[in-house]
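To keep things clear, I will list the structure first and then write my remarks on it.
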Amino acid sequence: MTATTEGMTGDRRATLRRPAADAATDGAAFAEAFRRAHRRGRRRAAWLRALLNVMGILLFLAVWEAVPRLGTWVNPVLLPPPSVVFDTFVPMLLSGEIPANILVSLRRAALGFAIATATGVTAGLLTARIGLLHHVSEPILHGFRSVPSIALVPLSVLWFGIGEGSKVALVAWGSFFPIWITTFIGVRDVPVAYLRSAACLGAGRLATLLLVVLPAALPMILAGLRQGIAVSLILLVAAELSGAREGIAYMMSTGHQMFRVDIMLIGLVLLGTFGFIADRLFVALIRRLFPWYTTAS
Amino acid sequence: MSGPLIDFDRVSQIYASRDGSPVWALRDVSLTVEAGEFVCLIGPSGCGKSTLIHLLAGFLTPTSGDVRFRGRPLAGPGPERGVVFQEYALFAWMTARQNVEFGLRMQRVSAPIRRRRALEALDRVGLRHAADRYPHELSGGMRQRVAVARALVVEPEVVLMDEPFAAVDAMTRTTLQEDLLRLWRETGVSVLFVTHNIDEAVFLAQRVVVMGAGPGVIREDLTVDLPYPRDRGSADFGREYARIAAALARGSRTAGGADGGTDGERRAA
C-alpha cells in the first residue's frame, strides 16, 4: 500500500506545473550558447563518421587494387583490380548499356514488389482478421512459404516464358511471403486495449480496421516490406540469370560467357548499390511519413 | 427516468482454467449504481473487479445473470460508457489531440468543431500545451490525463476506470485524483473506479464496494460520508481508511487459506 507515501499534500500543484518563465531571461543566453555548442559537436561527430566511412571504402579499394599486383598467386584475369573494372565501366556507362540494363532490372523489381505489397498486405489483413480464412489458408500458405522461391525459377520460365512476365512473377512470389507473414503477425498481435478503446469510442469495423488495426500493425508491416525489398533483389537475379535478354544479372551472365570478370564485378557492385540505396530510401521515407514510428517501436 | 443507471443482476462469470476446469471470476454478484455516483471497487487480485468493469463496458457477456444499463441489457461496447485503461491504450500513431478527437470523429463531428472540443477537453486536464505531442513524448501521468480527456470528450454517462493511476508515481497520482474529482463534479458523470489502493478509494469514492476472491463476490458495500475535498490527514479520513481495511481483512479471512484467497486460480488447482 502506498498510504504512507501520500501524506505530502499542500502546494504540490504549483511545483508540478511547468517551471515559470522567469528563469528564462537570464538563462536564455546560456541556453542558446549551450545549444549552439551541442549542435556543433554533433555536426562534427557526423562529419567524422562520414570521413571514416569514406576511408573504409578507400582502404578496401586499395587492398583490392594491390592484391592482383602483389604476386603470381592471384590471377588478374580472375580478379581484375578496381582500376581495370572502372576502365570497363565508363564506356559501358556512356554508351547507355548500363543505364538501360539498370532501368530494366529496376522496373522488374519494382513491379514485382508492388504486386507483392498489395497482395501480401491484403492477405495478411484478411487471414489475421477472419478466423475462418486463416484456418483454411494456413496449411497451403505455409506449405508454399516453405518452398525456397528459387526452386520455382524453371517452372516460372516454362509458364511465363523468358519475357518480363516470369521475372515479375518470381519477384512478386518471393517477396509476397515475408510481407504476408509479418502483416499477419502485426495484425494478429494488435494490443487488445487499442481494439477496446476504439470499440468504446464508437468505432465500427471499417474505421477500426483503417484507423486502428492498420497503423498499429504498421511497424511489423514495414519490417516485412523491408525484408521484401531484399528478397526481390535475390529473385530478380535468379530470374535474370536463368534466361533474359537484358538486365543487370543478364549483363553479368554474358560477362561470364565471355570470360570478362570485370563486367561481372560491375554487376555485383551495381546490385549491392541498388540494395543499399533502396533500403536507405525506405528508412528515410518511413521517418518522414510516420514520425511516431522510429521512437515508439 | 426511474431505476438505477447501472444494474448488475445476479451476474456470474466463469472462465476455463488451463486444464479446462471452471473458475468463478464472479458468483451471483448484484450491484446497482445511480447516475452521477462515484463508486470504487476494491479487493484483492482475482476478486473479479476488473471483470465487472469489462462486463459493463461490453467486452464480455456474463455467463449468467443480466447487466443492464438504463434498464436495458447491454449489447457490446458503446460511447455512452467510456473506459480508461491502466496504460498503453492511447493510439501511439496519433497526437494527444487526435487521440481525443477519435470518438468525435466516429460521431462524424465536423473537423473544426472536433478540434475545438478536443482542445477544450485537453485544457480541462491541463494539457492544452501538449496537444500536438505523441504519446511516447508524454510522461505516464500526462498520458493518463489524455486518456481521461479522450473518454470524457464524447460525454459518456459513466466512465469505467480500471486501475487507471496504478502505473504512475505517488505524487502524480494525487494530482490525477484531484483532477478526476474536479471533472466528476463539473460534468456530473458517474464513475466506476477499480483500485486496490484503500487510500485512493477513501479519497475518491462516495461508495466503496469491497470484493472478495475465489469466487469473486461483493463482501461489503460501504458509504464514505465525507465532504469533498477530503483531507488525507484528518481523523475522519483515517477512520474510513481503517473501516475499509478491516472489511478487506474480514473478506480475506473468510475466504480461507493462510494468506487469504488472493488468487481466483487457486480454486482450480
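The values are calculated or read from the model by the stated rules, or taken from the named source; none is laboratory data. Being a predicted model, the structure only gives us computed values, none of them experimental. No Cβ is skipped: glycine too gets one built from the backbone with ideal geometry, and neighbour counts run over all protein chains shown. These area figures cover heavy atoms from the full protein model, side chains too; ligands, DNA and RNA do not enter into them. Shrake-Rupley method; radii C 1.70, N 1.55, O 1.52, S 1.80 Å.
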Taking region B:16-33, which residues are within 13 Å of B:Gly214 (Cβ to Cβ) and surrounded by 17 or more Cβ atoms within 10 Å (Cβ to Cβ)?
-> B:Val23, B:Trp24, B:Ala25, B:Leu26, B:Arg27
Evaluate the following for B:Arg105: is it closer than 21 Å to A:Gly202 by Cα, more than 10 Å from chain A (Cβ to nearest Cβ), without any contact (Cβ under 8 Å) to a residue 60 or more places away in the chain and not aliphatic (A, V, I, L, M)?
-> no
Based on what the data block shows, is B:Ala147 within 16 Å of the chain's Cα centre (by Cα) and within 13 Å of another protein chain (Cβ to nearest Cβ)?
-> yes
Output for region B:28-69, where each listed residue is of a type in the set (Asp, Glu) and either touching an Asp or Glu at 6+ places or on another chain (Cβ under 7 Å) or at positive phi (or both) = B:Asp28, B:Asp66
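State whether the residues of region A:167-189 include one that is under 30 Å from B:Tyr88 (Cα atoms) and in a loop (DSSP other than H, G, I, E, B).
Applying the first criterion (under 30 Å from B:Tyr88 (Cα atoms)) to region A:167-189 yields A:178-189.
Applying the additional criterion that residues be in a loop (DSSP other than H, G, I, E, B) yields A:189.
Checking region A:167-189: at least one residue is under 30 Å from B:Tyr88 (Cα atoms) and in a loop (DSSP other than H, G, I, E, B).
A quick yes/no check of all residues on (1) in contact with a Gly (Cβ under 7 Å, 6 or more places away or on another chain); (2) free of Cβ contacts under 8 Å to residues at least 24 places away in the same chain:
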site: A:Gly174; (1), (2): no, no
site: A:Ile179; (1), (2): yes, no
site: A:Phe184; (1), (2): yes, no
site: A:Ala193; (1), (2): no, yes
site: A:Leu201; (1), (2): yes, yes
So which residues in region B:63-77 are open to solvent by less than 40 Å² (accessible area, probe 1.4 Å) and either in contact (Cβ under 8 Å) with a residue 24 or more places away in the chain or under 16 Å from the mean Cα position of the chain (by Cα) (or both), if there are any at all?
-> B:Gly65, B:Val67, B:Phe69
Output the residues belonging to region A:60-92 that are out of contact with any helix residue (DSSP H, G or I) (no Cβ under 6 Å at 6 or more places or on another chain), aliphatic (A, V, I, L, M), under 13 Å from A:Asp262 (Cβ atoms) and at pLDDT 90 or above.
-> A:Val90
Residue check: is B:Thr51 assigned to a loop (DSSP other than H, G, I, E, B) and more than 13 Å from chain A (Cβ to nearest Cβ)?
-> no
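Looking only at helices (runs of 4 or more DSSP H) that lie completely in region A:219-297, which have at least 2 residues being open to solvent by less than 60 Å² (accessible area, probe 1.4 Å) and touching a Lys or Arg at 6+ places or on another chain (Cβ under 8 Å)?
On the way: elements: A:248-257, A:261-289, A:293-296.
Helices (runs of 4 or more DSSP H) meeting the threshold: A:261-289.
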Out of all the residues in region B:206-222, is one or more within 10 Å of chain A (Cβ to nearest Cβ) and among the aliphatic types (A, V, I, L, M)?
-> no
Could you please give the count of residues in region A:90-111 that are in a loop (DSSP other than H, G, I, E, B) and among the hydroxyl-bearing types (Ser, Thr, Tyr)?
-> 1
For region A:193-203 the number of residues that are open to solvent by less than 40 Å² (accessible area, probe 1.4 Å) and either hydroxyl-bearing (Ser, Thr, Tyr) or more than 7 Å from every other protein chain (Cβ to nearest Cβ) (or both) is 3
Can you tell which of B:Ala167, B:Ala147, B:Ala118, B:Ala131 is open to solvent by less than 30 Å² (accessible area, probe 1.4 Å) and either among the aromatic types (Phe, Trp, Tyr) or over 25 Å from A:Gly204 (Cβ atoms) (or both)?
-> B:Ala131
Within region B:231-240, is there a residue that is assigned to a loop (DSSP other than H, G, I, E, B) and under 23 Å from A:Ala193 (Cα atoms)?
-> no
